[in-house]
Amino acid sequence: MTTVRWECFPLVAQSALARPWLELQANLGRSPNTIAAYGRGAEDYLRFCTARAVDWPTATREHIGHYVQDLNNRVNERPTRAHRASDGIVPGLSNATVQQRLTAVRLLYDQLLEDAVRPDNPVGRGRYTPNQRFGGSSARGLVPTVHKLPWIPTEAQWRAILEAARGERLRNRFMLALAYDAALRREELCLLATSDVDPTYRLLRIRAETTKGRRERVVPYSVATGRLYEAYLAERRTQSRSRGPLFLSESPRNRTAPLTFWTWSKVIARLGQAAGVPALTTHTLRHLCLTDLARAGWDIHEIALFAGHRNPQTTLRYIHLSGRELQAKIERGLAALHDWRGQLTGELLS
């Protein structure tokens with residue numbers, strides 16, 4: 001069962017309707033990140049309703065519209081990567097954040113609907129609208145979803161990141177290499193145990209309970225990363241000889257405690273600043289690995305299996321080739337087509 005940090009969501013904790021809903025999500029085994037996202041979304045909505053004297057259990061679709069307008073007009077103090085190159089504060093939350101907030105609110109009202117507290121859900125799940133697509137209709141959500149390509153570093157930026165990592169402690173260098181080699185999410189990396197590593201065959205077991213989709217998988221890592229693992233394991237024995245979490249804190253305050261997600265995020269943020277690549281995040285390493293596998297000619301289903309995706313369509317969101325690479329592919333294809341057509345023409349006219 002996931003523990004809810006009620007001190008982070010005081011309005012939800014005080015609500016006789018919202019608190020049982022969030023407790024239910026935790027009891028159902030949702031991941032800590034999911035519970036945190038649901039809690040933030042519900043807390044934000046309850047704060048909005050409180051500030052405007054809205055009785056949220058009886059709110060209408062009009063109130064939801066005002067809430068969406070408020071989300072789109074807020075000052076964004078944490079701009080997305082697309083805005084990080086420019087200084088200043090960006091208005092409006094990102095589309096992904098707005099969608100996340102509405103998902104939490106919709107699920108909260110689903111619970112009220114199921115408990116017969118209210119007859120409908122003011123958020124809903126979109127409407128089917130006629131269009132020209134095959135089948136004659138498609139689902140359109142309350143707020144349109146914007147799909148953006150994930151950012152990955154250029155070759156020069158990747159070299160700068162690796163150069164910056166040279167000055168990092170052995171644990172951080174090993175984690176960086178492992179995160180890229182196995183396309184690991186932050187949680188999957190930080191929750192690795194010593195028993196999850198098979199150095200004989202250079203394999204990692206990603207346990208189901210640490211993954212987003214609750215699907216266990218086994219993935220390989222490189223020879224170079226294997227050497228880092230051997231060196232790190234020798235260093236780890238100087239801290240602790242007990243089995244358990246692979247990565248331990250080296251801070252004097254929490255020495256030998258399991259490394260937290262936030263510590264790893266800070267390490268990556270520091271690396272990005274040192275390398276002059278502020279857009280770097282813990283998920284960038286996963287994006288880069290999956291894109292490199294696509295560049296190497298892996299089949300989309302093979303990449304989906306490697307990444308732990310149930311649906312290959314999810315994998316397509318992570319993988320993108322640059323415009324320059326696509327242009328090169330087109331030029332090679334056109335050149336081959338031109339040669340073939342010229343050869344055929346010559347044979348017919350000779």
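The values are calculated or read from the model by the stated rules, or taken from the named source; none is laboratory data. Only a predicted model underlies this, so the values are computations on that prediction, with no experimental measurement involved. With ideal geometry, Cβ positions are generated from the backbone for all residues, glycine too; neighbour counts draw on all protein chains shown.
The table that follows gives values for the structure above.
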item: Any hit, region 233-242, residues being aliphatic (A, V, I, L, M), part of a helix (DSSP H, G or I) and crowded, with 17+ Cβ neighbours inside 10 Å; result: no
item: Test: residue in region 218-230 that is part of a helix (DSSP H, G or I), among the charged types (D, E, K, R), at negative phi and exposed (fewer than 13 other Cβ atoms within 10 Å of the Cβ); result: yes
item: Residue match in region 164-175 (condition: over 27 Å from Pro278 (Cα atoms) and part of a loop (DSSP other than H, G, I, E, B)); result: no
item: Region 252-279, subset without any contact (Cβ under 8 Å) to a residue 12 or more places away in the chain, within 28 Å of the chain's Cα centre (by Cα) and in a loop (DSSP other than H, G, I, E, B), residue nearest to Pro32 (Cα to Cα); result: Ala257
item: Identity of the residue in region 294-328, assigned by TED's automatic domain parsing to the domain that holds Asp181 and of a type in the set (Asp, Glu), that ends up modelled with the highest pLDDT; result: Glu302
item: Ile268 vs. criteria surrounded by 14 or more Cβ atoms within 10 Å (Cβ to Cβ) and at pLDDT 85 or above; result: yes
item: Residues of region 9-31 satisfying the condition of being under 24 Å from Gly213 (Cα atoms), polar (S, T, N, Q) and in a loop (DSSP other than H, G, I, E, B); result: Ser31
